[in-house]
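The next block holds one structure in the form of structure tokens; read it before the comments.
The values are calculated or read from the model by the stated rules, or taken from the named source; none is laboratory data. Everything numeric in this text was worked out from a predicted model, so none of it was measured. Here the Cβ is made from the backbone with ideal geometry for all residues, glycine too, and neighbour counts use every protein chain on show.
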Ligand code: NAD
């Protein structure tokens, strides 16, 4: 049996802790379904800065290029905050996205029934929530040129960032959104700022054209400011949201809090070859690192996405998601989602229980 090659990039802080658990869960799912994995660990982020002086070593990038998928933890922390921008740990994830052309960033926000009281919104607003933000990941104002800060003759400074999208870039991310909507509730909401930005005028025109190719999927358009409001007011309205890099960054973080904790949110970064880098949405959480308090569910749910999108094994993905649901139904809670009457556990014990449930243990 040939093994899937998985690059494991735990990074820093709780990235290390949650990745241990997500890898165990993936192995357990593989054991149950007869799928073999070959895991290879590599340095990235602050750990790589310390070891070799740069956040994304060549070997790490080469390993990803030679792998079917990657499991990424999180990078960064106060220890490296003083480094120049290009040497900061956060460059690792930006570099991976750009070098591997990971243009499609998928961020689902799903409410597990037992956690409905952990959300900051009323239960009736979030019960049954299941939306997917499809964020473009390699373009927009985060990568456009020119950019920079310059000193003006009068002594003041001037900063420039450039928002850029081409028709093919918009088209390919919209197509990802429509394809995913087809196997969900068949609704795409394209988010832009068409009333102000030329970029968004092009975005909306292309989105409308792509929409004609998917007559079975309902397309709507929404301004980003309204989308931010509707996410809080009536999140159940949404199925698939497709948007650019910056709007998606902000909206997906807002969507993440609907589910109760950022420790629940998984994400996928996909390119056109089928390679995917799977990661929790959260960062390295320096405030709780090393204390066995991190919620591993975001990282575990990212392995379900790996099974679904890279391996095309919906059965394995369903089994991992069901194992998480079962652990929550049994009352297992890390501190971030703890409510009185439930069982407070650490990162490792939550991982242990999910591994048992994936493996089919009672
Ligand atoms: P963060 O996501 O690390 O933490 C925000 C808050 O959420 C903290 O209170 C933290 O304890 C809590 N939290 C996060 N994940 C959790 C989990 N799994 N379980 C329980 N609680 C959790 O964001 P931050 O504090 O703004 O950033 C800390 C560092 O992480 C910074 O250096 C930042 O640059 C980096 N960061 C990295 C990534 C990434 O690697 N993709 C993403 C965001 C932030």
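There is at least one residue in segment 45-60 that is touching a strand residue (DSSP E or B) at 6+ places or on another chain (Cβ under 6 Å) and either crowded, with 19+ Cβ neighbours inside 10 Å or in a strand (DSSP E or B) (or both). What are the residues in segment 323-351 that are surrounded by fewer than 19 Cβ atoms within 10 Å (Cβ to Cβ), without any contact (Cβ under 8 Å) to a residue 40 or more places away in the chain and under 19 Å from residue 19 (Cα atoms), if any? 349, the sole residue that qualifies.
Residue pairs whose Cβ atoms lie under 6 Å apart, sitting 6 or more positions apart in sequence or on different chains, and linking a residue in segment 99-111 that is without any contact (Cβ under 8 Å) to a residue 60 or more places away in the chain to a partner that is in a helix (DSSP H, G or I), are 99/61. Picking from residues in segment 255-283 that are away from the ligand (no atom under 14 Å from the Cβ) and within 12 Å of the chain's Cα centre (by Cα), the one that is farthest from residue 12 (Cα to Cα) is 255.
Can you tell me which residue among 152, 129 is surrounded by fewer than 10 Cβ atoms within 10 Å (Cβ to Cβ) and in contact with a strand residue (DSSP E or B) (Cβ under 9 Å, 6 or more places away or on another chain)? Matching residue, one of 152, 129: 152.
Going by the structure shown, is residue 94 more than 14 Å from the ligand (Cβ to nearest atom), touching a residue at least 24 places away in the same chain (Cβ under 8 Å), in a helix (DSSP H, G or I) and assigned by TED's automatic domain parsing to the domain that holds residue 280? Judged against the criteria, residue 94 is not a match. Within the set 306, 219, the sole residue that is at pLDDT 95 or above, assigned by TED's automatic domain parsing to the domain that holds residue 70 and either touching a helix residue (DSSP H, G or I) at 6+ places or on another chain (Cβ under 6 Å) or in a helix (DSSP H, G or I) (or both) turns out to be 306. When segment 292-310 is filtered for residues that are more than 16 Å from the ligand (Cβ to nearest atom) and surrounded by fewer than 24 Cβ atoms within 10 Å (Cβ to Cβ), the ones remaining, listed by number, are 308, 309, 310. When you check residue 252 against the structure, is it assigned by TED's automatic domain parsing to the domain that holds residue 140, in contact (Cβ under 8 Å) with a residue 24 or more places away in the chain, within 16 Å of the ligand (Cβ to nearest atom) and part of a helix (DSSP H, G or I), yes or no? Answer is yes for this residue.
Would a scan of segment 11-27 turn up a residue that is buried (at least 18 other Cβ atoms within 10 Å of the Cβ), within 14 Å of the ligand (Cβ to nearest atom) and part of a strand (DSSP E or B)? Yes, there is a match, as at least one residue in segment 11-27 is buried (at least 18 other Cβ atoms within 10 Å of the Cβ), within 14 Å of the ligand (Cβ to nearest atom) and part of a strand (DSSP E or B).
Look at (1) in a loop (DSSP other than H, G, I, E, B); (2) modelled with pLDDT of 95 or more; (3) surrounded by fewer than 24 Cβ atoms within 10 Å (Cβ to Cβ) and you find that residue 226 fails only one, number (1). Checking each residue in segment 263-280 for being surrounded by 24 or more Cβ atoms within 10 Å (Cβ to Cβ) and not in a strand (DSSP E or B) picks out 263, 264, 265.
Quick one: is residue 102 surrounded by 12 or more Cβ atoms within 10 Å (Cβ to Cβ), within 16 Å of the ligand (Cβ to nearest atom) and part of a loop (DSSP other than H, G, I, E, B)? Yes.
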